[in-house]
Structures are given as structure tokens and as C-alpha cells.
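The values are calculated or read from the model by the stated rules, or taken from the named source; none is laboratory data. Everything numeric in this text was worked out from a predicted model, so none of it was measured. When we count neighbours, we look across all protein chains shown, and the Cβ atoms used for this are built from the backbone with ideal geometry, even at glycine. Accessible surface areas use protein heavy atoms only, side chains included; no ligands, DNA or RNA. Shrake-Rupley method; radii C 1.70, N 1.55, O 1.52, S 1.80 Å.
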Amino acid sequence: MAEKSMSKSHFPWKHIFGYIMSIVLTAVALLIALYSNFAVRTIVILIFSLAFVQAALQLLMFMHMTESSNGKIQAGSMLFAAFIAIVVALGSYWVLEFGIHLNHHE
Amino acid sequence: MKQSYISMFGLLCLILLSGCNLAVLDPQGPVASQQKDLIWLSIVFMFIIVLIVFTLLVYFLVKYRERKGHDDYDPDIHGNNKLEILWTVIPIIIVTILSFPTVITIFNLEEAPEAESDREPLVIHATSASWKWIFSYPEEDIQTVNYVNIPVERPVLFKLTSADSMASFWVPQLGGESYSMAGMQTELYLQASEEGTYSGRNSNFTGEGFADMRFDVHAIEEPQFDAWVKEIQEGAPELTQERYDEFMLPTHVGEYTFSNTHLDWVDHSTDAEYGLDARERQGYEPENPNASDKGTPRVGDEEGKDS
Amino acid sequence: MSWDEFIVTGDPFILAAQISIVITTIVIVFGLTYFKKWGYLWNEWITTVDHRKIGIMYIIAAILMLFRGGVDALMMRTQLATPNMQFLDAQNYNEIFTTHGTIMIIFMAMPFLIGLMNVAVPLQIGARDLAFPFLNSLSFWTFFMGAMLFNLSFVIGGSPDAGWSAYMPLASNDLSPGPGQNFYLLGLQLSGIGTLATGINFIVTILRMRTKGMTLMRMPMFTWTALITSVIIIFAFPILTVALAMQTFDRLWDTAFFTLQDGGMPMLWANLFWLWGHPEVYIVILPAFGIFSEIISTFARKRLFGYTAMVISIVAISGLSFVVWVHHFFTMGAGAMVNSVFSITTMAIAVPTGVKIFNWLATLHKGKIRFSVPMIWTLGFIPNFTIGGVTGVMLAMAAADYQYHNTYFLVSHFHYVLIAGTVFSCFAGLIYWYPKMFGHKLNERIGRWVFWIFMIGFNITFFPQYFLGLDGMPRRVYTYIPEEGWFSLNFISTIGAFMMGIGFALLIYNIYYSFRYEQRETTGDSWNGRTLEWSTSSAIPPHYNFAKLPKVSGQDAFWEMKQLGEDTNEIKQYEKIHMPNNSANPFVMSVFLFIASFELVFPMVDYCDFRVDWNTCMYDSKVVY
Amino acid sequence: MKFEPEEVKISENTPLEYQSQSGRFNILGFWIFLGAEVALFSTLFGTYFVLINRTASAVQPQELIDLGLVLMMTLVLLTCSFTCGLAVHEMRLNQKKRMIGWLAVTITLGAVFLGLEIYEFVHYVSEGATLSASAYWSSFFLLLGTHGLHVAIGIIWFIFIIIQVVMRDLNTISASKVFIGSLYWHFLDVVWIFIFTGVYLLRLVI
């Protein structure tokens, strides 16, 4: 299915859509960070969610993650990678910043 | 052949458990007792599991070994869902049973143990430096090195930090350990219920002098403790910054007592750099221990004891 | 920098090592020249891309490292045999336990298992080689050069002495001066490249090169564990790469990641180290599980019980392995909430592991058990590993762990897991696949002696250590005083250690003895095997493994073929097979990486002209695509 | 390597890069390698987040960050990811010249990005924010530097690929290399998205 669509359509719809969306998402994230009145935590969650959406767009629109006979393996690899990324980045932060008594007396 | 193994195991257990008093299983305070109870609970469960596995193993090995008259051979058995569920669920139950007391104890140990006298915890700052322990009593404004006196039946809050590498503060008979780290502060509540001297030590590797990084904890009655404090406040020498900086060098020292604390000029939990700066101020330079032309002796000799 | 700082001098052990290195080198060079074997060595081994030869080289390197690590262990045990022993001084002891730990994990356990994977996995799935044979050769040579770089520290510059976990700030320039720690950092970095590439190689091989009919759920259990191990490698090793790079930067270029100065955070090192370090434990234990599964079903002559449950449990273990790392530093004071969460996740690992143990036991049920040497190692594994496992659960209980942490209780626990698990499996796997590699079995009678001496010695060594730990003996102390009362248990422990040494020596003797006298295999099916590696046309499979790739219709493919009377060796028509050519590039590249890394070890030498940026090493693995 | 275990139907519609087995293996292997890269960058991010407040006595990041420059870099990188995608699109239509053209645009934009990043770094260093100034700046430079280094490697790599395509024409082997190169390039864009969010936007918020 993926194979058909990519060789039949001569105009790169997928890419243009991906490009416009990535610019839009970047702009939205920027606006949220600059001008919104949400709580810091909300903003952080929002902008990171947008980043994940944009990353998914790149993977699907530009990198054709799910195509070919390897599609499932590739997608699985990326999903597990996302899990690891969250564990490593968020986990480290949780353990070392929230958990520990960083008693700075400041 | 496996029976001999089991009997060896059992025999060793018996000899070792009855023969000597293992420090961890011989607690002298409420913190260590809680941990001992948890340890025994887990030992009981684990012993049962080991027993089941060993019994099954020996039974199967004897029964199904290749021999004459063995007619119970069925090569095509490949699984049994009921059994699988059984030995998935039972470990889950065991783990759950063990989780509750574990979590409860973890949270308990964050708080001061219930004291027989409803006194506020005594606060002692314990600072590790290569390779010695420095104890500061901020309320009493006294400082000891390589030994610490505490009153019995009163919770003691140790605020741990380090001047250089990470050490671990451990008095097995009073309770489990906690790291001391430069630029950070960890808290550890301990309490002794009996008078006595308990050996404590650093249990985290800190380099060459690590093995001898011990200290004694003297648990004494409250009035005696107060008298001791008073005596120190009046009689012990004053600690100067120069004198203190000498402690920052990687050496072993004896026991010392001072009538003020280093907290007057540095708190290592907020100033991680002090220890190494102090070394530098005294012209100490780290050297490759494997270079043959070693200038200074690597581990300083023990200095004499002060009052 | 002067020469006497470059070459380690002044210690009798090191002098002996230096002399023996020189003599060995001369003997090897002379021998190779005299017997005119240089060409053979170069053509058949150094430039080979054949998976079995690479596997054999991995195993030989691992056995050498086991010897080195074992000698380290014996020296430590000798030093600890009596209180106030003067055999080693503190500095020597610290260097020795550091190299013992690092070598055993990174340069012994992993390459041994990767070697066995190299030998067996392509044969088990009916493939002719790995997906990227060239990359495989590069993996081996980077690992080998990393190992050599690390070992070189013993005679040049001085060994690392901050423990195998190299905690900061102890491992910083201020507290561990000299090049020793740099050897650690760069040796691990270099071999890490190879490990990562191996991971990629095995994933692609196993997922894409299975023979017809070999669905995922028909794969032999060892292949499954190789796959899952590779997945763990892929996601764990980059963490180590970054952590090592940051510590290297801290030491060489004055950055402030883990330092005490400028706001660095030493505990971040511990955090990152164990984020890699815990998955690493499963990297060395999962293939062991796979080996035992193969052996148990072969010698019980029964299908593996609960295949699906076994697969699910290794997958579960791989996921859980990434979310338990904090249990290595419960005592850091990360707060009750963090410790509780990680206590529970850690204990949860006991569930899939328990499932595996009971499935192995159930495989024995209604079997016809033959006590061949690989099987007795496996049967020895079950009780010993269970002891290691249950003490692991005890350690997982954070509140109790405050009392076990950094003590001999912990030391004993992980030796029970890593020796009874990994080392037993390496021996069992070596003996099991030995006929596939060399065309003859290892002598069974000597093999039994090896097992009993080693296994009993192992228990005598490590069982007392649980009690030493409970009596307050911390790990890594180079000596203790008589008043502490640890003498008798330590002494017993030392006796056991020497028994293990004898067992190992006997194993090596067995290799020699069997080479001389053992009967040569003719059929290729040495043990009445169940999986495809035993179906190849001879004892030592030809270069292309299978003349005709087999078709598989179920689990235990070869067993089924034998039941149905199919003959896989029969060749009706030859197909043209193209096999990859030898290549010297991996070896040459690794030598260059070795030189580049060695440059970095001695930062005080000003080699500005050709100092190779560390990053070229790190990203070199991309060049191969 | 020409053994045939996995069953793949190769039709005329199958893109060139998937037609040879080594092409398929390399692409899959590279995806798995990207998984490893995710782990690598997430470690760098984790480090950055942990050290985010540890600026010690060095210059504060808020005083230095130039949002305009960052937005420009982001736009350049997003665009070159797009043009790289177009190159692969053209390759699949067998338009070799157009593919090379788009790749050239990609490389140029990549070089512009790299130039801007170097300009940014030089500016920071001149203000006292060096690699060794504080834990924060160490982690900042390591994270962005690793990404920048990847971009530099990507540029060199693409140049080699173009040379190979020009010299040996577009075949199954060179096509798979172009495709793998493009995967790498897009991946760098993915990483940048997180750098933009986690490093620059986060600074505006906290």
C-alpha cells in the first residue's frame, strides 16, 4: 500500500504537508512558550507534546518509517526508542532532581 | 548428589547463624531492628522458595534420570497453561507480600524513630573527608573527629555530606547506611537503645585509605552526654580554619575534639569545592600513584591523639 | 613526562608481568616465524569474516581475559585470607579489584557469550553468515583492541583504581591522578563500539535471515535470547558511550559534568552508569538462559516446557531491565518515593525469572535425563542461581538494602548470579558447541572433575561471604583488623577461590588433552541435538554452513526431521553460493582506533599534530554503512 | 551476500533502494542504529535537564540566547530536511539530476545551519560561556556539539554519496546509500526539534 502511493504520485504531497505542518507546529510551540498564560508545567508538557508530534511527522512523512517489509520492525524500534528516551531523560531528572534532597539552603 | 549439597547448605546456615553474632542481625536500636525484621521476613520467604526449587530438582533428577526401568518418558509435553499461571501468580503474590512492609519501612526510616523520651532529635553533621569522619554538633557547638558520642534513647539526625569523594556512613548495629556527597546533604536517623560502643565505618570505596576509615559510636546516658558536652565546650581546643584545612588532605588521623565547629566557615553540602581548594592552598598536588618517583608518602602516618 | 612515569616500575608483580609479556611476545613471534604460520594467521584468522572463526576468536580472547580476571581474583582472595595481610598494598589491591570487575564483565562475560552467539546463532536459524560479516569482524577487532588497551594499563601508565563502576568524583583528575582511569574510559569506549555493532548485526540477522519456515515462535531459545540481548545492547550501550565521553571530557578537557567544581554533579555519573549497568547485567544473563534452555531440552530429551512463557518472560525482563537502575544506589537519599518505586520494579523482575526456573524444572519432568557434562553444568546452575536470585530479591527491598549495600552480601549475591549464571553457561555452552567448533568433544571424565571442583569451590568461596556481609564487612577493603572477627569466613572463602582456580586450570588442561586424545566426531550431531546447528553436513560445518538451506516446520526443527526420517545433509543439486571475501580493513581500522585512543590516555603528551578527536572513534561505526 | 531467506516480492514499483538484499539489510540495520542514536541523544538530554540550573558562577544562559538566530537555524534545518525528502522523492521517480540538485540544496542549507551554529558558539564563548565554564555550559555544548558534529558528518557523507552517484549512476547500491543518508539527515532534524524545545523554548518558560 505504501509502496504504491510513493511511486504513483509524482507530486510530493506528503513532503509538502510534512514541511508545512512542521513549521506550523514549531510556530505554535513558540507562541505557547512566548505568550501563553498557562502554568509552567502545562507549557512544558504542551511544547514537548508538540515536539513528539513533529518528530512523528518526520518519521512518517519524510523517513517512510512504516514502508517496506521492515516497516513493523522499524516502527517497533522507534517506539521502544521513545520509551527508552523517556526513561533515560525523564527518569534521570526525576531521580536526581525531584527525589534527592538537594539541600542548597538557598 | 544434590542431597549432599542441600545438607551442606543447611549445615553452613546452622553453624553460621548459631556460631556468631552477625552485626546486622544483632541490632541495638529501633532503626536497625526494623531492618532486621524485614530481613528475617525475606529470609523466611526466600528459604521456602529455595527449598521448593531444590526439592523439585532433586526429585526430578532422581526419578527421570536415564536408567533401566524408566518408562515415564514423554518427549512431547510442551507446556501447561495452568501451571504457567500458577508459577506466575505465586511469585507475584510473594513479591506483593514483600512490597508492603518494604515500602512502609522505607517511609518509616525517613522519619525519626519513636523515642522513649519524647525529645527532639539531636542533630549531628557528619562530614566525610579522605579518610576520616568529622562530626559537628551545631547546637552544642562542638566537633569530634573519628568518634561520635550520642545519648541513648534519643533519636539522632545525622546530616551527611562529604568534603571530597563520596563515602557511605554505616553503623551496622544501629541502622543501614547512607551516602555522604559533596555539594549535597543526605539525612539519616539513628537511635541507640542500649549503652555501648558501636563500630561504624565508611562502606563506600574512597581510594587508598578506605579500609581504615572507621569510627566509633559511643552511646551513653543522657546526663553523661550532657556532662561530656559541657566538658568539651570548656576544655577542648578551638578549631581554626588552618587546622581544619589540614584535615582536608588525604590522610588518616586519630581522634580529636574541638570546642567549635567547621560550620562556622564552611558547609560542604553547599560548597563542594572547599575540600579540594583547601588541598590546593596547602600545596598538595595529586600524583600518579604508579609513577616511581613518589615524592610524598601516599598515606600519611597516623597522628597522635589530642585530648 | 618521563619514562618512569610511562612504564610502571617498582612492583615485583608488575615486573613479573612485564617480563612475562616480553617473553610471551618473543615466543609467539618466534613460533609463528619458525613454523611459517604468519600467512595462516593473517589469511585464516585476522582477516576472516566468517562468523564461526570470529566466534572462536571471541571465545579465545574471553578465556584469556578470564585467566587475567581470575588471577586478579586469586590475588585479592590471598590478600584477604588473614587480617592485616601484607601481600598487596592498598593501591595494588584497588587496581586489582577494579580491573577484575571491568575485565570480567566487559572483556570476559560479554565476549564469551557473543562468541557463542556468533558460533551458534547463524547455524540455529539456518543462515550462512551474519547479515554484515564485515561489520562482525570490525566488532571483534574493536573489542579486542579495547581489551588490549585496557590490559596495557597494567604495565604502562598504571591501572585504573576507582572501581569498575568508576564513581565520580573519586575517578576525577584530582582524586585519581595519572593515566589509569583514562585507560578504563578509552578501553571501554573502544570495545563499546564493537558491542553496539554486534547488536545491530544480530538483530538484522535474526529478524531477516531465518531459513524458510522458521517463524519467530519456532526459533531456538538461544536465538531468542540473542535477539533480545541485542535489543538491550542497542539501547543501553549509547548511554555508556555518552557517560564515558563525559567523564573523559572531565578528565581531559576540564568540563564540569561530574566534578566537584563549577556545579558538576557526581551522582549523575552513578545514575548514567547504572542506566547502562543494569541492562548490562541482563546482556550477560539472558544468553546464559538461552544456553541452559537448549542444553536442558537436549539432555532431558524433551521439548522445552512452556516455550511461549519463556519468550514472554525474556521480553518482560528486557523491558524491566531499563527501569530498575536506581536499586544500585538506594542509599543515595533519593527519597522514599523513588526508592519505593524502584524497589517494586526490581522485585517484579523476580516474577519472569521465577517463571523461567520453574519451566526448566518442568522440562526435566518426564524426561530421560542424560548427565553429560554440559547438562551437569546446567543442573548446577539451577540451585546456585536460585540462591543468587532470592538474595537479589532481598537486596531489592530498599529498606533492607541500606544494610546490605556495599557489603560482601552484595558481592556474594552478584557472584552467585554472574558465576552460576553467566560463567556456568559459558562453560556449558563451550562444551556443548565444542564439537561444532573443533570437531571433537571435550573429555567427559575430566569435564566432570572440572565441574565438581569448580562448583564446590564456588560455593565455598561465596556462601560465607553472605555472612561476612551481614557481619558488616564492606566490599573493596584491602585488609581488615583481627578485632572485626572476619578471619575464619574469609579464610574459608580464599580456599574456595583456589579450588575454582584449580577447576579452571583443569578445564584448560582438558582442552589440550581432548585435542590430543579425544575421538573425532563424524556425524555432526554430537549430542542427539534438536536444533539446526546439529544438522549441518559435518562436525565442523563448511564455510557456507548449509549446502542447501533447510526448511523448517516446527520448533526443535532438527529433532522433527530426525523423527520424520528426513535427511538434511543430502544434496540433490548444488546452488551457486556467493560468500563474502576476507578483509583486512576491520583489523587495520581497529589498530588505528587503538592508536588514537592510546594518544588520549596520556593527555600530558603534546601530540597536537595528530591527536585524533575522540569523536571520530565514537562515530566511526557509521563509516561502515 | 546473496542468500535468500526472507521472502520479499520485488516488483517494478519497489523503490530501487529496496531491490537488493544488501540494500534492505543496510536500511534495516540503519534504522536500528537510529534507535541507538535515540538512546545516545536522550542521555545527552537527560544530562542537560539534570544540570539545567547548575550554572555556578558562569554567565547565565538567559543573557545570551538570541531567539532570532535560533529560529533562523530551525527554519534552515526544517527546510533542508524537506529538500532532502524531495531528493528521495525524485530518486524514486528515477530523476537522477533533480535528485542531485535537491541534495545539493540540502547540503548547502546544512552548511548554512552549521555556520550559524558556529557563529552562535563563538559568540557564547566570547561572552565567557565556555565548555568548562560550568556544568550547565558543559552539557549545553556537548548536546549541541554532538548534534552539530552529526550535521557535519552528514554533509561530508552526502558529498561522497553524490560523487558515487555521479560516477556509478543510480543503482540498487547507491540508491540505498542515498536513502540511508536521507534517514540520517531527517533524524538530525528530529533531534533538533527536541533541542529547540528542550533547550531554547524551555529557557523562555522557566
Discussion item. Could you tell me how many of the residues in region C:226-259 are within 20 Å of A:V88 (Cα to Cα) and in a helix (DSSP H, G or I)?
Written reply: 20
Worksheet entry | Residues within region C:558-591 that are over 23 Å from C:D50 (Cβ atoms) and either surrounded by 14 or more Cβ atoms within 10 Å (Cβ to Cβ) or modelled with pLDDT of 85 or more (or both), tallied | 5
Worksheet item: With respect to C:I200, is the statement that it is closer than 19 Å to C:D556 by Cα, touching a residue at least 24 places away in the same chain (Cβ under 8 Å), open to solvent by less than 10 Å² (accessible area, probe 1.4 Å) and not aromatic (F, W, Y) true?
Response: no
Worksheet item: What do you reckon, is B:M184 within 8 Å of another protein chain (Cβ to nearest Cβ) and aliphatic (A, V, I, L, M)?
Response: yes
Worksheet, complete the sentence: Only one of C:F140, C:F134 is aromatic (F, W, Y) and open to solvent by less than 20 Å² (accessible area, probe 1.4 Å), namely C:F140
Worksheet item: Does B:L188 satisfy the condition of being under 21 Å from C:D471 (Cα atoms) and in contact (Cβ under 8 Å) with a residue 24 or more places away in the chain?
Response: yes
Worksheet item: Among C:G457, C:G469, C:G501, which is in contact with a strand residue (DSSP E or B) (Cβ under 6 Å, 6 or more places away or on another chain), buried (at least 18 other Cβ atoms within 10 Å of the Cβ) and under 24 Å from C:F97 (Cα atoms)?
Response: C:G469
Fill in: Filter result for C:I103 (touching a residue at least 60 places away in the same chain (Cβ under 8 Å), within 17 Å of C:L418 (Cβ to Cβ) and buried (at least 21 other Cβ atoms within 10 Å of the Cβ))
no
Worksheet item: Can you name every residue in region B:154-209 that is hydroxyl-bearing (S, T, Y) and in a strand (DSSP E or B)?
Response: B:T161, B:S162, B:S168, B:S178, B:Y179, B:S180, B:T186, B:Y189, B:T197, B:Y198, B:S199
Worksheet item: What number of residues within region D:56-73 satisfy the criterion of being surrounded by fewer than 15 Cβ atoms within 10 Å (Cβ to Cβ) and not in a helix (DSSP H, G or I)?
Response: 3
Worksheet item: For C:F329, all conditions in the list (1) more than 26 Å from C:W274 (Cα to Cα); (2) crowded, with 23+ Cβ neighbours inside 10 Å hold save one; what is the number of the exception?
Response: (1)
Discussion item. Out of the residues in region A:15-24 meeting the condition of being within 18 Å of the chain's Cα centre (by Cα) and surrounded by fewer than 19 Cβ atoms within 10 Å (Cβ to Cβ), tell me which one is nearest to the other protein chains (Cβ to nearest Cβ).
Written reply: A:I23
Practice prompt. Check D:L77, D:L109 and return the single one that is in a helix (DSSP H, G or I), touching a residue at least 60 places away in the same chain (Cβ under 8 Å), more than 8 Å from every other protein chain (Cβ to nearest Cβ) and touching a helix residue (DSSP H, G or I) at 6+ places or on another chain (Cβ under 8 Å).
Written response: D:L77
Item to complete: Specify the residue that is nearest to C:K366 (Cα to Cα); the eligible residues are those in region C:294-326 that are open to solvent by 20 Å² or more (accessible area, probe 1.4 Å) and more than 9 Å from every other protein chain (Cβ to nearest Cβ).
Response: C:I312
Discussion item. What are the pairs with Cβ atoms under 6 angstrom where one residue, in region B:128-156, is closer than 12 Å to B:E255 by Cβ and the other, located anywhere, is hydroxyl-bearing (S, T, Y)? Sequence gap at least six, or different chains.
Written reply: B:I134/B:T127; B:F135/B:T144; B:Q143/B:S136; B:Q143/B:T261; B:T144/B:T257; B:V145/B:Y256
Discussion item. With the requirement that a residue be over 21 Å from C:G429 (Cβ atoms) and either crowded, with 24+ Cβ neighbours inside 10 Å or under 17 Å from the mean Cα position of the chain (by Cα) (or both), what does region C:215-240 give you?
Written reply: C:I234, C:F235, C:A236, C:F237, C:P238, C:I239, C:L240
Worksheet item: Any residue in region B:238-251 that is buried (at least 17 other Cβ atoms within 10 Å of the Cβ), among the β-branched types (V, I, T) and closer than 25 Å to B:N149 by Cα?
Response: yes
Practice prompt. Using the structure shown, decide if B:D26 is at pLDDT below 90 and at the interface with chain C (Cβ under 7 Å from one of its Cβ atoms).
Written response: no
Discussion item. Looking only at region A:41-74, count every residue that is open to solvent by less than 40 Å² (accessible area, probe 1.4 Å), closer than 25 Å to C:L320 by Cβ and more than 9 Å from chain D (Cβ to nearest Cβ) and tell me the total.
Written reply: 0
Worksheet item: Got a sec? Which of D:G35, D:G85 is modelled with pLDDT of 90 or more, within 14 Å of chain C (Cβ to nearest Cβ) and either under 28 Å from C:P238 (Cα atoms) or surrounded by fewer than 22 Cβ atoms within 10 Å (Cβ to Cβ) (or both)?
Response: D:G35
Item to complete: Go through region C:214-238 and give me each residue that's within 9 Å of another protein chain (Cβ to nearest Cβ) and in contact (Cβ under 8 Å) with a residue 40 or more places away in the chain.
Response: C:M214, C:V231, C:I233, C:F235, C:A236, C:F237, C:P238
Response to the item:
Selection from region B:17-46 of residues exposed (fewer than 13 other Cβ atoms within 10 Å of the Cβ) and within 27 Å of B:I90 (Cβ to Cβ) yields B:W40, B:V44
Practice prompt. Mind counting the residues in region C:78-94 that are open to solvent by 20 Å² or more (accessible area, probe 1.4 Å) and within 14 Å of C:N490 (Cβ to Cβ)?
Written response: 6
Response to the item:
Checking A:A51, A:A81 in turn, the sole residue that is at pLDDT 90 or above and outside the structural domain of A:A27 (by TED's automatic domain parsing) turns out to be A:A81
Worksheet entry | In region D:38-55, residue nearest to the other protein chains (Cβ to nearest Cβ) [restricted to those that are of a type outside the set (S, T, Y) and part of a loop (DSSP other than H, G, I, E, B)] | D:R54
